[in-house]
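Notes follow once the structure below has been shown.
Laboratory data are not the source of any read-out in this text; all were calculated from the coordinates shown. Computed from a prediction, not measured in an experiment: that's the story for all the values here. Here the Cβ positions follow ideal geometry from the backbone for every residue, glycine too, while neighbour counts run over all protein chains shown.
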Amino acid sequence: MRVAARIPFWVVVLLSLPLTAAFRDSTADEALDTVTQLKPNVSHGRDLFDTCAACHGNTGAGVSDGTVPAIAGQHFRVIVAAIIDFRNDNRLDPRMKHFTDEHHLSVAQDIADVATYVSRLAYNHVQLLERLQPSDIVGVSDYLSRLGP
């Protein structure tokens with residue numbers, strides 16, 4: 001009599017991770033390429049940002065407890081990739097899934113516009129330092145050295 005071996009669920013998940021990366025949505029990759037080739041309209045991006053500001057704040061500084069991240073000053077391509085990943089379920093957050101859908105950001109141009117606006121927002125590094133907890137201290141000196149004078 002043969003006894004079937006039980007494979008722990010975590011092993012199945014761990015083994016499937018390379019497949020997830022290998023099958024990253026080609027639609028998402030195409031969308032990223034499309035958006036990054038567009039000429040952004042910053043004024044339109046500012047209008048679209050009103051929706052983002054409801055959670056991320058008018059300055060894009062997020063929430064001090066970390067439940068909503070700071071996005072101000074983030075690189076354009078990082079913002080675009082995040083929006084597209086939320087749209088395509090490559091990153092999961094019910095709030096972001098809703099606000100990055102085709103209802104709020106109808107076309108690729110909208111994504112380029114809002115991402116450009118966000119990337120140009122001034123980020124207040126003092127606010128970041130005020131939010132640090134003792135457990136965050138590892139790597140702070142490296143961060144500060146990259147800020148420059």
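Counting just the residues of segment 49-92 that are among the basic types (Lys, Arg) and farther than 14 Å from TYR117 by Cα, which one comes out surrounded by the fewest Cβ atoms within 10 Å (Cβ to Cβ)?
Top of the filtered list is ARG91.
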> Hey, VAL78 hits all of (1) outside any loop (DSSP other than H, G, I, E, B); (2) over 21 Å from PRO40 (Cβ atoms); (3) of a type in the set (Val, Ile, Thr) but one; which does it fall short on?
Replying inline: (2)
> What are the residues in segment 69-107 that are in contact with a helix residue (DSSP H, G or I) (Cβ under 7 Å, 6 or more places away or on another chain), free of Cβ contacts under 8 Å to residues at least 24 places away in the same chain and not β-branched (Val, Ile, Thr), if any?
Replying inline: PHE86, ARG91, ASP93, MET96, LYS97, ASP101
